[in-house]
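Enquirer: Take a look at this one; I'll ask things after.
The values are calculated or read from the model by the stated rules, or taken from the named source; none is laboratory data. Every value quoted in this text rests on a predicted model; they were computed, and no experiment measured them. Glycine also receives a Cβ, built like all others from the backbone with ideal geometry; neighbour counts cover every protein chain displayed.
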Amino acid sequence: MQVSETPATSSRTKSDDASLGEVIEFVKTYAKQETVGPLKGAGRWLGFGAAAALAMGLGLVLVLLGLLRLIQTEADRLATGSLSWAAYAVTLAVTLVLLAITLLRVKKSTLNNEPK
């Protein structure tokens, strides 16, 4: 008994090639949508974060330098003699406190969440 080939069991036809091309195009479009879009958002997020960190860092350096000069100017005993290092120690202590507060405020669980 000889079995004849039906259109369903034969190798590719023109309609199969067209649908395969459509599937490939759909996959390419989907891959671009799922990779390029989030990367653009991540780049914007990183850019604003880097600019904010730079501005905040520069501002804090200026404030801490001002604190150092204030201590050296107002506390005559700390400006000269054997305690001249104390103004720097106070400024360092304030810096460490500000650093600890900053690190405690970072919420790591929200860094990976998308905005709603």
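Enquirer: In the range 73-89, what count of residues is obtained for those that are farther than 29 Å from LEU103 by Cα and surrounded by 10 or more Cβ atoms within 10 Å (Cβ to Cβ)?
Expert: Let us first name the residues in the range 73-89 that are farther than 29 Å from LEU103 by Cα, namely 73-84.
Cutting the leftovers down to surrounded by 10 or more Cβ atoms within 10 Å (Cβ to Cβ) gives us 73-75, 77-79, 83-84.
Final tally of qualifying residues: 8.
Enquirer: In this structure, is ALA55 at pLDDT 80 or above, surrounded by 10 or more Cβ atoms within 10 Å (Cβ to Cβ), out of contact with any Cys (no Cβ under 9 Å at 6 or more places or on another chain) and closer than 30 Å to THR102 by Cα? Let's see the steps before the verdict.
Expert: On the way: at pLDDT 80 or above: yes; surrounded by 10 or more Cβ atoms within 10 Å (Cβ to Cβ): yes; out of contact with any Cys (no Cβ under 9 Å at 6 or more places or on another chain): yes; closer than 30 Å to THR102 by Cα: yes.
When the stated conditions are applied, ALA55 passes them.
Enquirer: Still on this structure: In the range 90-103, which residues are loosely packed, with under 12 Cβ neighbours inside 10 Å and modelled with pLDDT of 90 or more?
Expert: Taking the range 90-103 as the starting set, the residues that turn out to be loosely packed, with under 12 Cβ neighbours inside 10 Å are 93, 96-97, 99-103.
Within the range 90-103, ALA93, LEU96, VAL97, LEU99, ALA100, ILE101 meet the criteria.
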